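**Student:** Before I ask anything, here is the structure I am working with.
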Amino acid sequence: MEEKQKKNYSLRNTMIATAIMAAIIALVFGLVGGYLALKFLTKSDKVENLLGQKTIEIQESAITNTVDKVGPSVVSITAEQTTRDFFGFLRTGTSAGTGFIVSEDGLILTNKHVVGSESASYTVITSDGKEYKATVKTRDPKYDIAILKIDGNDYSAVDLGDSDSLKVGQTAIAIGNALGQYQNTVTVGVISALGRAIEAGDYSSGESESLDNLIQTDAAINPGNSGGPLVNASGQVIGINTAIDSEAQGIGFSIPINVAKTALASYLERGKIVRPYIGVRYVPITADYAKKNNLPVDHGAIIYAQGDNLAVLPGSPAAKAGLAEGDIIIKVNDTTLTEGLGLVGALSKYKPGDKITITFIRDGKEQKVDLVLAEGS
């Protein structure tokens, strides 16, 4: 009996010792595990912060590299015009805009409304502060585009991109002479939308024109930025800044650079900007217009006489092809007309002499006709 009690006592002590040892081991492993976990998490946070910082640095580097690349090609344009007031006194007025150099021999792209006056004199100020007298070589008959020339050679020219490949959300950088006094101001945003149509007004002249197929951006565009470049993150010009929505914040519009490229090519080939035309007067169709007039489609261009003007010009490509008043043009080749892309925009990629196919609706039936584009004025 005594021997049995001794064995039970010894077994109990062994169990207690084992439990104590297990507790100590668990405590040690817990402390070590906690320490290692803390070290790992701290290291992970540092890695995450490092990667985030690296991403920010890469983005900032892309923007600064773009500005360094394009900035030397951006110019300020000032217009000076002398007029006689009601009392016979001479008054001199000035205005300002932006442009960018597109050739080493000093060709400059800008907006037509920046250099719209035939009687004004124009001065170009380059990024290094030098001033040059500028000559307006040609103005686009259909778009808000003009080409200037300054004397000299070895200018830094921009790299023109491809506006047809743009995607909503990609980086957009605007550079220009903001408010006519802050030269080469840089603003950054994104491409907000493509294929926008607007009625753009020139406050200085009181004139307005309809523009379509425009790039919308939230990169800040201010008065004085007109004619300046809209640039992608690779330093390529993708648009010409042309208008803002004065009733909104962060809504600006740019002419796609591919439209300007065809204008530039036309000037280099012919000495002036020519645009193709088919010879019709029309009304752009919107969903609201289609509903009010019970039209079979909610997009396109309906050939329509305006006042004493004929709907189809005699001898024009449209007349030769048999188009008539009331026909609804819905396609140019494979391009469908929309509220954002009208007939002028759809024709902008072509030149006089090109053969195209017009798809139209007459009496509710879809038809096609080929025609050869003529030179517009």
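Read-outs: derived from the displayed coordinates by stated rules, not from any lab. These figures come from a predicted structure and were not determined experimentally. Cβ sites come from the backbone with ideal geometry, for glycine too, and all protein chains shown count toward neighbours.
**Student:** Once fully extended, how much extra length lies between Asp370 and Asp154, figured as 0.36 nm per residue of separation less the alpha-carbon to alpha-carbon distance? Intermediate results must be reported in sequence, preceding the final value.
**Tutor:** Working: separation 216, 0.36 × 216 = 77.76 nm, distance 4.52 nm.
Full extension from Asp370 to Asp154 adds 73.2 nm.
**Student:** Where in the range 112-158 are there trypsin sites (Lys or Arg not before Pro) that are in a DSSP coil and have at most 16 other Cβ atoms within 10 angstrom of their Cβ?
**Tutor:** When the trypsin sites (Lys or Arg not before Pro) of the range 112-158 are filtered for loop state and at most 16 Cβ neighbours within 10 Å, Lys130 remain.
**Student:** Given the pairs Lys130/Lys351; Lys292/Lys365; Lys272/Lys355; Lys292/Lys351; Lys331/Lys351; Lys112/Lys291, which span a C-alpha to C-alpha distance of over 25 angstrom in this model?
**Tutor:** In this structure, Lys130/Lys351; Lys292/Lys351; Lys112/Lys291 exceed 25 Å between Cα atoms.
**Student:** Using θ = phi - 60° and the Karplus form 6.51 cos²θ - 1.76 cosθ + 1.60, what ³J(HN,Hα) does each residue of the range 306-321 get, whole Hz, x for Gly and Pro?
**Tutor:** 3J(HN,Hα) across the range 306-321, in whole Hz: 10, x, 8, 7, 6, 5, 10, 6, x, x, 7, x, 5, 5, 5, 7.
**Student:** Roughly how many debye, to the nearest 20, is the charge dipole of the range 222-377 about its Cα centre, given +1 on each Lys and Arg Cβ, -1 on each Asp and Glu Cβ, and no other charges?
**Tutor:** Dipole of the range 222-377, to the nearest 20 debye: 440 debye.
**Student:** Then there's this: Return the ratio Rg/(2.2 N^0.38 Å) for the range 160-270, where Rg is computed over Cα atoms only.
**Tutor:** 1.02
**Student:** Also, I was wondering about something else. Which GluC sites (Glu not before Pro) in the range 209-291 pass both tests, a DSSP loop state and at most 15 other beta-carbon atoms within 10 Å? Mind dumping the intermediate values first?
**Tutor:** Working: sites: Glu209, Glu247, Glu269; in loops: Glu247.
For GluC sites (Glu not before Pro) across the range 209-291 that sit outside H, G, I, E and B with at most 15 neighbouring Cβ atoms in 10 Å, the list reads Glu247.
**Student:** Can you pull the percent of Cα pairs in the range 124-180 with separation above 12 Å?
**Tutor:** So the portion of pairs separated by more than 12 Å is 81 percent.
**Student:** What nm distance separates the two modelled labels at Thr357 and Lys130, each placed 7 Å from Cα along Cα→Cβ?
**Tutor:** 5.2 nm
**Student:** Provide the gained length on full extension for the span Ala321 to Thr94, in nm with one decimal, where the gain is 0.36 nm per separating residue minus the Cα-Cα distance.
**Tutor:** Full-extension gain reported as 76.9 nm.
**Student:** Calculate log10 I(q)/I(0) of the range 71-149 for q = 0.15, 0.25, 0.26 Å⁻¹, where I(q) comes from the Debye formula with a single equal point scatterer on each Cα and nothing for solvent.
**Tutor:** The Cα Debye sum returns log10 ratios of -0.52, -1.16, -1.23.
**Student:** How big is Rg to Rh over the range 276-375, alpha-carbon atoms, Rh as the Kirkwood inverse-mean-distance radius?
**Tutor:** Taking Rg over the Kirkwood Rh, I get 0.93.
**Student:** Using label points projected 7 Å from each Cα along Cα→Cβ, tell me how many nm separate Ser210 and Asp288, to one decimal.
**Tutor:** According to this spin-label approximation, the distance is 1.4 nm.
**Student:** Multiply the residue gap between Glu104 and Glu247 by 0.36 nm, knock off their C-alpha separation, and tell me the result in nm, one decimal place.
**Tutor:** Difference between extended and current length: 47.6 nm.
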